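Chemist: Handing you a structure now.
All of the numbers you see were taken from the coordinates with simple rules; none came from a lab. Computed from a predicted structure; not experimentally measured. Here the Cβ positions follow ideal geometry from the backbone for every residue, glycine too, while neighbour counts run over all protein chains shown.
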């Protein structure tokens, strides 16, 4: 059994694409995804599955949401092992004074390739800092994301792949939940 962290893009944001988390958990269970647990209201679901094809699994979840709720958010998946790697690769981890609530990880649906990563590296973004590693972009907002001038929502278009952001507190909490689920195997 593999433990998967599922992150829905654009759910319960600004009153749009509303899904109650108990209904979302029930949908995942109906899709034969086991021990589904949600974290906060933004569409994070941690579950177990025997499915090996992650792309097919994401499409199956997207199809299920479309049938049940009438809209189709992007579903971005990471295994528990991949999430451990995301945490281990945090380029800001050793720096003092980094506030976890101001560090965001944008999880990309697919690898943007070296050309895409280079575009991100070339962006002028002061005072924010961007680091791109594999399928993740780590963004530190020293003054908070709400005041940022960084067009981070447009990164998906530039990279030709969509993503969804989670702050560092959410990333580490979802990993903790995934590891508890792994231990229950």
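Chemist: So how tilted is helix 113-122 from the main axis of the chain? Cα-based, degrees 0 to 90, rounded to 10.
Modeler: Its long axis makes an angle of about 40 degrees.
Chemist: Suppose the chain between residue 35 and residue 16 were pulled fully straight at 0.36 nm per residue; how much longer would it get relative to their current alpha carbon spacing?
Modeler: Going from the current span to full extension adds 4.1 nm.
Chemist: Starting from the Cα of residue 147, step 7 Å along the direction of its Cβ; do the same at residue 67; then give the gap between the two resulting points in nm.
Modeler: Modelled inter-label distance: 4.8 nm.
Chemist: Taking the simple approach of a point 7 Å from Cα along Cα-to-Cβ for both residue 52 and residue 173, what is their distance in nm?
Modeler: Here the answer is 3.5 nm between the modelled labels.
Chemist: Working from Cα positions, state the angle (0 to 90°, nearest 10) between the long axis of helix 168-183 and the longest principal axis of the chain.
Modeler: 40
Chemist: Mind pulling the angle between the C-alpha long axis of helix 54-69 and the longest principal axis of the chain? Nearest 10 degrees, somewhere in 0 to 90.
Modeler: 70
Chemist: What order, most packed first, do the peptides 35-42, 17-24, 124-131 have when packing is the mean number of other Cβ atoms within 10 Å of each residue? Numbers along the way, then the final one.
Modeler: Working: 35-42: 17.5, 17-24: 15.9, 124-131: 14.0.
The peptides rank, most packed first, as 35-42, 17-24, 124-131.
Chemist: Diagonalise the Cα gyration tensor of segment 86-168 and give the resulting equivalent ellipsoid semi-axes, square root of 5 times each eigenvalue, largest first, whole Å.
Modeler: On the way: eigenvalues 73, 41, 26 Å².
Semi-axes (√(5λ), whole Å): 19, 14, 11.
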